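All of the numbers you see were taken from the coordinates with simple rules; none came from a lab. Since the model is a prediction, treat every value here as computed from it, not as a measurement. Please note: Cβ atoms are built from the backbone with ideal geometry, for glycine as well, and neighbour counts cover all protein chains shown.
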Amino acid sequence: MIDQPPNGLPRYRVLTGPDDEAFCRRVSEAIDLGFRLHGTPAITFNGERVIVAQALVWPRSAEK
C-alpha cells in the first residue's frame, strides 16, 4: 500500500448522495483504491428521497 491516496485525493473523505446504485459504486471504488470505511453511514430523508453519507480514510503506513 502506498503512503498517500492516489490522484491527489485527501486522506479523509465524506461521500454523500442519494441512496442508490451510483452512491454504492462511489463508495466501492474508494474502497478498491485503498480507502477504509470510517464509522457508520449517516442516513436522512430530505422529503423526496433518502440521502446517505459515508466517511472514508486512507490508512496510515503504520496500519499496513
- prompt: Can you give me the relative contact order of the chain as a percent, contacts being Cα pairs under 8 Å and 6 or more apart?
  reply: 43 percent
When the convex hull of its Cα atoms is projected in every direction, mean area for the range 14-63 (nm²): 3.5 nm²
message: Nearest 500 deg cm²/dmol is fine: what mean residue ellipticity at 222 nm does the chain get from its DSSP H runs of n ≥ 4 alone, each adding -39,500 (n - 2.57), divided by its residue count?
response: -6500 deg cm²/dmol
- prompt: Taking only Cα atoms, what is the 0 to 90° angle, nearest 10, from helix 21-33's long axis to the longest principal axis of the chain?
  reply: 10 degrees
- request: State the extension gain, in nm to one decimal, for the chain segment bounded by residue 11 and residue 46, taking 0.36 nm per residue of separation less the distance between their alpha-carbons.
  value: 9.7 nm
- prompt: What are the GluC sites (Glu not before Pro) within the chain that DSSP puts in a loop, where the Cβ has at most 14 other Cβ atoms within 10 Å?
  reply: 48
